[in-house]
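Q: Could you have a look at this structure, given as structure tokens, before my questions?
The values are calculated or read from the model by the stated rules, or taken from the named source; none is laboratory data. Note that the coordinates shown come from a computational prediction; the quantities given were computed from them, not determined experimentally. Every residue, glycine as well, gets a Cβ built from its backbone with ideal geometry; the counts of neighbours run over all protein chains shown. Ligands, DNA and RNA are stripped out before the accessible areas are found, and what is left, the full protein with its side chains, is counted by its heavy atoms. Shrake-Rupley method; radii C 1.70, N 1.55, O 1.52, S 1.80 Å.
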Amino acid sequence: MATAEVSPQIEPSKLDAFMGKAVMDMGAALHAALVVIGDKLGLYKAMAGAGPMTSSALAQKTKTSERYVREWLNANAASGFVTYDASTKEFLLPPEQAFALTTLDLPGAFHIISACFKDEPKITQAFRTGDGVGWHEHDANLFFGTERFFRPNYENNLLSNWIPALEGVTDKLANGASVADVGCGHGASTILMARAYPKSRFCGFDYHSGSIEYARHVAGRDGLLDQITFEVASSKSYPVNGGYDLVTFFDCLHDMGDPTGAAKHVLSSLKPDGTWMIVEPFANDAPEQNHNPVGRIYYSASTMICTPASLAQEVGAALGAQAGEERIRAVVLGAGFTRFRRAAQTPFNLVFEARP
């Protein structure tokens with residue numbers, strides 16, 4: 001006898017609420033592409049501080065097509081990025097939005113998002129096979145978007161809060177220390193520290209040769225090559241160079257295939273009184289505690305970027321971007337460090353200090 005399937009009873013109010021959320025997400029996803037376009041064409045920068053503008057005025061100022069600009073402006077108005085005065089047919093980029101979109105470099109995040117859409121076929125296939133997708137295999141927008149999005153956070157916190165929270169590190173850097181910045185990417189964190197501490201010497205390491213090439217270019221442009229060296233090296237093989245006073249990992253330990261192996265190499269590369277600073281995405285230890293707007297971003301990015309990156313490497317620990325303090329602690333102490341503490345935090349980051 002066939003068994004009849006029982007259909008779940010749909011509650012209209014709950015369905016309506018979910019569909020409303022889905023519509024918001026569809027608008028946000030589509031608008032993400034427009035943010036990238038506005039960033040590339042300088043539309044937001046042209047509007048910043050310029051007062052109310054018609055679509056014709058903005059198109060003329062940016063040497064773009066008025067018809068495209070008009071549609072773009074209306075989408076931005078519907079999204080709350082700009083305001084619109086129907087009586088004058090003028091659009092305004094409010095100062096708060098202008099600050100976020102130009103000074104805080106918020107569009108960097110949307111370049112990361114654009115890379116995720118381009119790389120979706122690779123990740124979909126990885127779901128089927130369980131294989132990884134290396135950082136180097138992603139669209140180049142990921143590399144540039146990551147540097148742009150993370151740099152303002154480092155500028156606002158690294159020198160004023162994070163380094164001072166580490167025991168004795170500020171004085172060491174001021175007097176002249178040896179620093180390794182592992183997983184440095186385009187070198188934003190390395191360069192920021194070098195400018196602040198001219199007596200110290202910095203080595204930036206990353207396995208991605210394209211990022212190292214770009215970091216060298218920026219350091220050369222800024223006249224810092226006598227203070228900074230950038231080299232292609234992994235977290236388990238970067239040169240010890242006689243030992244470092246400080247080793248830094250910015251938002252990258254969870255991406256590594258063998259984080260315990262990387263931690264052991266850090267321990268071997270530190271001077272006896274050295275410090276390891278680990279900056280990680282903010283996460284509580286229980287997954288359900290991260291089911292919030294920030295956790296939504298991090299889990300989504302982790303699915304598309306961080307977890308595949310780890311699975312593409314040896315061991316493939318796949319900590320994920322929401323690893324949490326206890327899992328990071330286990331990695332660090334399991335590698336032989338004897339001291340580990342949370343030194344600082346922001347709504348987006350946890351900063352840990354590890355000592356031999």
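Q: In terms of solvent-accessible area of protein heavy atoms at a 1.4 angstrom probe, what is the ranking of LEU267, LEU41, LEU73, highest value first?
A: In descending accessible area the options line up as LEU41, LEU267, LEU73.
Q: Hey, which aspartates and glutamates would be in cross-link range of LYS14, C-alpha to C-alpha under 18 Å, not counting anything within fewer than 8 residues on its own chain?
A: Straight-distance partners of LYS14: ASP25.
Q: Take the cross-link list LYS199/LYS264; LYS45/LYS89; LYS45/LYS199; LYS40/LYS118; LYS118/LYS264 and give me the ones stretching past 25 Å between alpha-carbons. Write out the running numbers ahead of the final one.
A: On the way: LYS199/LYS264 28 Å; LYS45/LYS89 20 Å; LYS45/LYS199 36 Å; LYS40/LYS118 17 Å; LYS118/LYS264 35 Å.
As for pairs spanning more than 25 Å Cα to Cα, those are LYS199/LYS264; LYS45/LYS199; LYS118/LYS264.
Q: Hey, another quick one. With the contact rule set at Cα under 8 Å and sequence spacing of 6 or more, what percent relative contact order holds for the chain? Present the calculation step by step, with values, prior to reporting the outcome.
A: Working: 591 pairs, mean separation 44.7, N = 356.
Relative CO of the chain lands at 13 percent.
Q: Continuing with this model, one more query. Give me the extension gain from ARG339 to ASP131: residue separation times 0.36 nm, minus the current Cα-Cα distance, reported in nm with one decimal.
A: Details: separation 208, 0.36 × 208 = 74.88 nm, distance 3.48 nm.
Length gained, ARG339 through ASP131: 71.4 nm.
Q: What accessible area per residue comes out for the chain, rounded to a whole number of Å², with a 1.4 Å probe? The partial results should precede the final answer.
A: Numbers: 17470 Å² over 356 residues.
Accessible surface, normalised per residue, equals 49 Å².
Q: What FRET efficiency comes out for THR170 versus ALA286 if R0 is 25 angstrom and r is the Cβ-Cβ distance? Round to the nearest 0.05. Before the final figure, lay out the partial values.
A: Numbers: r = 34 Å, r/R0 = 1.36.
It comes to 0.15.
Q: Also, I was wondering about something else. If Lys and Arg each add +1 and Asp and Glu each add -1, what is the summed charge of the other residues whose beta carbon sits under 13 Å from the beta carbon of ALA59? Please list the in-between numbers first.
A: Numbers: positive: LYS61, LYS63, ARG67, ARG70; negative: GLU66, GLU71.
Overall, the nearby charge balance is +2.
Q: Next question, about the same structure. Normalising by the residue count of region 57-204, find the relative contact order in percent from Cα pairs under 8 Å and 6+ residues apart. Working shown, then result.
A: Details: 132 pairs, mean separation 23.0, N = 148.
Contact order relative to length: 16 percent.
Q: Take every Cα pair under 8 Å in region 236-355 that's 6+ residues apart, average their separations, divide by the length, and report that relative contact order as a whole percent. Each step should come with its number before you reach the end.
A: Working: 229 pairs, mean separation 38.9, N = 120.
Result for region 236-355 is 32 percent.
Q: Let me ask something else about it. What is the spin-label model distance, in nm, from LYS63 to ALA78 if the labels are put 7 Å beyond Cα along the C-beta direction?
A: Those two pseudo-labels are separated by 3.1 nm.
Q: Can I ask one more? Using just the helices of the chain, give the 222 nm mean residue ellipticity in deg cm²/dmol: DSSP H runs with n ≥ 4 each add -39,500 (n - 2.57), and the total is spread over all residues, rounded to 500.
A: Roughly -14500 deg cm²/dmol at 222 nm, from the helical runs in the chain.
Q: What is the P(r) of the chain, as percent of Cα-Cα pairs per 10 Å bin from 0?
A: Result returned by the calculation: 5, 21, 29, 23, 14, 6, 2, 0, 0.
Q: Quick check: with the 1.4 Å probe, what order do LYS14, LYS21 take by accessible area, largest first? Present the calculation step by step, with values, prior to reporting the outcome.
A: Values: LYS14 135, LYS21 105 Å².
Ranked list, largest accessible area first: LYS14, LYS21.
Q: Also, I was wondering about something else. Any idea of ILE123's accessible area? Nearest 10 Å², probe 1.4 Å.
A: About 10 Å², rounded to the nearest 10.
Q: Compute the acute angle (0 to 90°) between the alpha-carbon long axis of helix 66-79 and the principal axis of greatest extent of the alpha-carbon atoms of the chain; round to the nearest 10°.
A: Value to nearest ten degrees: 70.
Q: What residue among SER55, SER79, SER87 shows peak mean-square fluctuation when the chain is described by a Gaussian network model with Cα springs under 10 Å?
A: Judging by the Gaussian network model, the answer is SER87.
Q: Compute the long axis of helix 259-269 from its Cα atoms, compare it with the longest principal axis of the Cα atoms of the chain, and write down the angle in degrees, 0 to 90, nearest 10.
A: It is inclined by approximately 40 degrees.
Q: For the Cα atoms of the chain, what angle does the longest principal axis make with the long axis of helix 140-157, in degrees from 0 to 90, nearest 10?
A: That works out to roughly 70 degrees.
Q: Related question: Out of the total accessible area of the chain (probe 1.4 Å, heavy atoms of protein only), what percent is carbon and sulfur? Let's see the in-between values first.
A: On the way: 10200 of 17470 Å².
Carbon plus sulfur share of accessible area: 58 percent.
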